[in-house]
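**Q** Here it is, the structure, as structure tokens.
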Amino acid sequence: MATGEDSQVYRDLMRFKPEGLSPNAWAVKAGVNRTVWADMRRHGNPSRKTLEKLLVAAESSLAEFEALRIGGSEANRTMLAGEGVGESRKRAWAPQSLPPLPLRECALAGEWGESGSGIEMMEVRSTELDRLPRPQSLAGDADAYAITMVGDSMWPRFRPGRRVAVSPHAPVAIGDDVLVRLRGGVGPGQLVLLKELVRRSAGFLELRQFNPGTTFRVDANEIEAIQKVAGEVI
């Protein structure tokens, strides 16, 4: 429970905690370390990536969180007057109407590298299966799209069958989940690796897969593009 000594960002974030989940359960659902709360309560310095994951797991977005913080004084007044968190969030932030997010067909495409490597590869096709509500955070990326996770190589971060958004134009940083488009693919779609970015240099990318756990390198000349995985689409 928050106290007078907790940081402001911790108190603000707790207003988004999913009903029925403890903070630790929320962290597990978001795929972040449960120790994030202790550090956030003391210092209030979570990374942008951590905030995004927690808010996506709470069926919200970083844009909504920041907008609510800007309008925090009004939200606090309405809460003190007895208005619920959901209503105060609606008053503090009214999203604009956004174009839908195309859901592209995706399938498993064997293993990357040597046989038996266990490094799962996917194929993303141009076929549009559906259109999903576009998160506010992708309002400025007209080329963003969604795919359905196949396989369990990134479990527990992404459960098979969940839909994730991909942003071709978002900046990519170490620690981000990325979709690496590979050169030389054959067939109806584009071969890709969806992994965590560990290291980046002029000559290679170092990526991490969670299940089975492994870290590996991909030469730069094998890579067509690197796109940021913006999180799950609810």
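**Q** Relative to the present Cα-Cα distance, how much length would full extension add between residue 139 and residue 215 at 0.36 nm per residue of separation?
**A** 24.1 nm
**Q** Quickly rank 56-67, 195-206 as a protection proxy: mean count of other C-beta atoms within 10 Å, highest first.
**A** So the peptides 56-67, 195-206, ranked by packing, come out 56-67, 195-206.
**Q** Related question: May I ask you to compute the full-extension gain from residue 202 to residue 8, defined as 0.36 nm times their residue separation minus their alpha-carbon distance, rounded to one decimal in nm?
**A** Gain in length upon complete extension: 65.9 nm.
**Q** Could you give the radius of gyration (one decimal) and Dmax (whole number) of the Cα atoms in the range 103-232, in Å?
**A** Cα radius of gyration and Dmax of the range 103-232 are 13.8, 41 Å respectively.
**Q** Please turn the phi angles of the range 133-143 into ³J(HN,Hα) values with the Karplus equation 6.51 cos²θ - 1.76 cosθ + 1.60 (θ = phi - 60°), one per residue in order, whole Hz, x for glycine and proline.
**A** Per-residue couplings from phi come out as x, 7, x, 4, 5, 9, 4, x, 10, 5, 9 Hz.
**Q** Right, something else. Determine the gain in length on full extension of the stretch residue 28-residue 169; use 0.36 nm per residue of separation and subtract their C-alpha separation, reporting nm with one decimal.
**A** Length difference between fully extended and current span is 47.9 nm.
Bear in mind that the values in this text are calculations on the coordinates, not laboratory data. The structure presented is a predicted model; accordingly, all values stated were derived computationally and were not measured. Ideal geometry is used to build each Cβ from the backbone, glycine not excepted, and the neighbour counts take in all protein chains shown.
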